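Visitor: Let me begin by handing over the structure; questions about it come next.
The values are calculated or read from the model by the stated rules, or taken from the named source; none is laboratory data. Note that this is a predicted model, so its numbers are computed, not measured. FYI the Cβ positions are ideal-geometry reconstructions off the backbone, even for glycines, and counts take in every protein chain you see.
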Amino acid sequence: MRQLLLSRAWIAGYALLAIAILAVPVAIDDPYLLNKFARYLIFATLAVALSLSWGYTGILNLGQAVSFGLGSYCMAMALKLKTMPIQTGTGGLPDFMVWNNVPSLPWFWQPFHSIGVAIAAGIAVPVGLALILGWFIFRARVAGVYVSIITLALLVIINLLIIDQQRFTGGFNGLTDLSDLQVMGIDFDPYSAATYYLAAGALILSLIVGLAIINSKTGLIMQAIRDDETRVRYFGYDVAAYQIFALSVSAGISGVAGMLYAVVMAFASPTFLSVQLSLSIVIWCAVGGRASLIGAAIGALLVTGIQGSLSETPIFLNTWLLIMGALFVAVVLLLPKGLISLVQSAITLFSRPVADRTATPVNKTMVG
Amino acid sequence: MALLEVKGVQVKFNGFLALRGLDLKIEAGELRCLIGPNGAGKTTALDVICGKARPSVGEIVFDGHKTSRLDEHRIARLGVGRKFQVPSVFRELTVRENLDVAQSKTAGVFRNLGPRKRHDPALQRLAEFVGLADERDEPAGNLSHGQTQWLEIAMLMAQDSRLILLDEPTAGMTAAETRKTAELCRRLKGQHSLIVVEHDMGFIREIGDVISVMHQGRLLAQGTVAEIEVDPLVKEAYLGSGGISHA
Ligand SMILES: Nc1ncnc2c1ncn2[C@@H]1O[C@H](COP(=O)(O)OP(=O)(O)OP(=O)(O)O)[C@@H](O)[C@H]1O
Ligand SMILES: [Mg+2]
């Protein structure tokens, strides 16, 4: 009974968040604000992805920006090729390739003439990389902080690689001057409500997928692995397979977030694969509550929202980073399970008196 | 053929031989007690059977499969369940969720992706059996030591392995609880094979079947409680630790 009440309260919470997100364009029609909010929603999607791997499975992936960045480049490559008639030099090459004396479009750029292929690649490339990485580290039983170190190292390497291969990637500048994404006759202008809804849809979908996973037995095993991965083995579960699964789902969601980010920003750059972004995702999850999908999402919305408004307010121009740092430390020290733990205790508190009255007799009849 | 055969197994820890040629044979449905002074290698014997430790020499055959090279989860899937000396449950999961994890009939990632059953009558009965029905929604980390022991026993029953390895299941239990555990072991035998490591001779007398005595990584003696208690070799091995009944 109490469980039922609890789960109803959570469903209401998720529904409320979804409605609030979807209602934003109705209340606001400032294109600049919509674009900014779409960005926050994408960050929230990233936080949901990290919550699945870190909060639920205990894998602190510090290289999550790799999945995000690869997703964004996949989308950006397709959108770059779409700009060709205006931007290109001779032979239909993207501008930066012309400047770098690349004679013809490299083979791995070719498939990105198709948006469908680009979207598939935006998911498949991060997932494939996660599968390979996961296979190596989890089969070798690498655990704990070493997972974080390896994923972080991978992030740095791929970041350097992208900067270094300027001829094919645009280097430091990344891929700029992208055309709008056009799918099924809809033009996803970065400043439009359509693009906002795309980001909102991605966040809601990632929450639904995440909820489906954590409410399955697979999700339960993931949490058991977080608690004590060795013990799980002696019950007959292939722990590495579950870890690889969690990492890959998380990478897939991050890839989608990355693709949308390229659409919303109209460029992709190595900053999308930065250590700073990876650490920010960790902070969002820690503030909101890493072992709660909705907590992680709200954490990202709050932190990026506050950060955005502070950094744009002239009086905080020099101090906003300090204020953010202080807020972060305060939350993590006072609420180790994040802000969502406040809601959790409130719900438990309110559901208890009712539940105890009804649940106790039920127990008695079951036992006696 | 025996369900489990341990043949001349040696286990080395940084040069130290914890097992030096252990031989053990367990028939299907048998309940075997394993005793021996501290450091005799009893826990290591269970470790090597379930794959936590690996033999440097020798061979382990479970139900016709050589298990010495198999991953732990493969050995578990063949039908070997283990209770550790230090109770280990999933502390952040509730009692009910712990039991659900233990019930591992289907182990694949994708086959477990469907919605989870919230009310499993079999698991509910198990929780009642070990007296944890009222705590079923409590995180296991909130349980007392005794309750944790019972939860782990219930988890083993949920796992329903053919061979169950119990390492000092009654440690920290009251006399009444110890009796209940003994009764449970008697009930499980026949359907399951059990190896029970214990120090409590009262408990061993109660479940008493064949007893294997270990000493310094080897099998020292084997027989009924009466035979073991008068065995001069066993007496000698327990010298200094106050005799077999106080071990
Ligand atoms: N991981 C390990 N590394 C090094 N030595 C170990 C390890 N595990 C056990 N040993 C040693 O192996 C010997 C056998 O240990 P084991 O735990 O199997 O004994 P036991 O019979 O279970 O003892 P107890 O009755 O105290 O539980 C001991 O001397 C112990 O110190
Ligand atoms: Mg021991």
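Visitor: Taking A:MET324, is it modelled with pLDDT of 90 or more and either over 30 Å from A:PHE188 (Cβ atoms) or buried (at least 23 other Cβ atoms within 10 Å of the Cβ) (or both)?
Guide: Values: modelled with pLDDT of 90 or more: no; either over 30 Å from A:PHE188 (Cβ atoms) or buried (at least 23 other Cβ atoms within 10 Å of the Cβ) (or both): yes.
Against the criterion (modelled with pLDDT of 90 or more and either over 30 Å from A:PHE188 (Cβ atoms) or buried (at least 23 other Cβ atoms within 10 Å of the Cβ) (or both)), A:MET324 does not qualify.
Visitor: While we're on this one: Of everything in region B:106-123, what is under 27 Å from B:LEU184 (Cα atoms) and either more than 9 Å from chain A (Cβ to nearest Cβ) or in contact with a helix residue (DSSP H, G or I) (Cβ under 7 Å, 6 or more places away or on another chain) (or both)? Give them in sequence order.
Guide: Scanning region B:106-123 gives B:ALA107, B:HIS119, B:ASP120, B:PRO121, B:ALA122, B:LEU123.
Visitor: Name the residues in region B:1-30 that are more than 16 Å from ligand 2 (Cβ to nearest atom), of a type in the set (Gly, Ala, Ser) and in a strand (DSSP E or B), would you?
Guide: Of everything in region B:1-30, those that are more than 16 Å from ligand 2 (Cβ to nearest atom), of a type in the set (Gly, Ala, Ser) and in a strand (DSSP E or B) turn out to be B:GLY8, B:GLY21.
Visitor: Something else: Any idea how many residues of region B:73-93 are away from ligand 1 (no atom under 16 Å from the Cβ) and facing chain A (nearest Cβ under 7 Å)? Even if it seems obvious, please write down each step before you answer.
Guide: So the first thing to find is which residues in region B:73-93 are away from ligand 1 (no atom under 16 Å from the Cβ), and the list is B:73-81, B:89-93.
Then drop every residue that is not facing chain A (nearest Cβ under 7 Å), which leaves B:73, B:76-77, B:90-93.
Result for region B:73-93: 7.
Visitor: I would also like to ask the following. For region A:187-268, which fully contained helices (runs of 4 or more DSSP H) count at least 3 residues that are surrounded by fewer than 20 Cβ atoms within 10 Å (Cβ to Cβ), among the polar types (S, T, N, Q) and facing chain B (nearest Cβ under 10 Å)? It would help to see each step written out before you state the result.
Guide: Numbers: elements: A:193-214, A:217-233, A:239-265.
Because the criterion is at least 3 residues that are surrounded by fewer than 20 Cβ atoms within 10 Å (Cβ to Cβ), among the polar types (S, T, N, Q) and facing chain B (nearest Cβ under 10 Å), no helices (runs of 4 or more DSSP H) in region A:187-268 meet it.
Visitor: Still on this structure, I have one more. Return the residue satisfying two criteria in turn: it lies in region B:24-72 and is farther than 27 Å from A:VAL239 by Cα and among the aliphatic types (A, V, I, L, M), and of such residues it is farthest from ligand 1 (Cβ to nearest atom).
Guide: So, considering only residues that are farther than 27 Å from A:VAL239 by Cα and among the aliphatic types (A, V, I, L, M), the one farthest from ligand 1 (Cβ to nearest atom) is B:ALA28.
Visitor: Also, quick follow-up: What is the residue count in region B:167-218 for residues that are away from ligand 2 (no atom under 13 Å from the Cβ) and assigned to a strand (DSSP E or B)?
Guide: 10
Visitor: Checking the structure you have, find out if any residue of region B:211-222 is free of Cβ contacts under 8 Å to residues at least 60 places away in the same chain and under 18 Å from B:CYS33 (Cβ atoms).
Guide: Initial filter on region B:211-222 (free of Cβ contacts under 8 Å to residues at least 60 places away in the same chain): B:221-222.
Going one step further and asking which of them are under 18 Å from B:CYS33 (Cβ atoms), we end up with B:221-222.
Yes: region B:211-222 contains one or more residues that are free of Cβ contacts under 8 Å to residues at least 60 places away in the same chain and under 18 Å from B:CYS33 (Cβ atoms).
Visitor: Which condition number in (1) more than 16 Å from ligand 2 (Cβ to nearest atom); (2) more than 9 Å from every other protein chain (Cβ to nearest Cβ); (3) hydrophobic (A, V, I, L, M, F, W, C); (4) in contact (Cβ under 8 Å) with a residue 24 or more places away in the chain is the one that B:CYS33 fails?
Guide: (1)
Visitor: Of the residues in region B:136-156, how many are over 18 Å from the mean Cα position of the chain (by Cα) and within 11 Å of chain A (Cβ to nearest Cβ)? Can you show your working first?
Guide: So the first thing to find is which residues in region B:136-156 are over 18 Å from the mean Cα position of the chain (by Cα), and the list is B:136-144.
Now restrict to residues that are within 11 Å of chain A (Cβ to nearest Cβ): B:136-137, B:139-141.
Count: 5.
Visitor: Scanning for something touching a Ser or Thr at 6+ places or on another chain (Cβ under 7 Å) and more than 18 Å from A:ASN61 (Cβ to Cβ), does region A:295-317 turn up at least one residue? Write out each step before concluding.
Guide: Taking region A:295-317 as the starting set, the residues that turn out to be touching a Ser or Thr at 6+ places or on another chain (Cβ under 7 Å) are A:296.
Cutting the leftovers down to more than 18 Å from A:ASN61 (Cβ to Cβ) gives us none.
No: region A:295-317 contains no residue that is touching a Ser or Thr at 6+ places or on another chain (Cβ under 7 Å) and more than 18 Å from A:ASN61 (Cβ to Cβ).
Visitor: Right, something else. Taking helices (runs of 4 or more DSSP H) that do not extend beyond region A:1-112, which have at least 2 residues that are within 14 Å of chain B (Cβ to nearest Cβ) and modelled with pLDDT under 95? Reasoning before the result, please.
Guide: Values: elements: A:2-27, A:31-50, A:64-82, A:84-87, A:95-99.
Answer list for region A:1-112: A:2-27.
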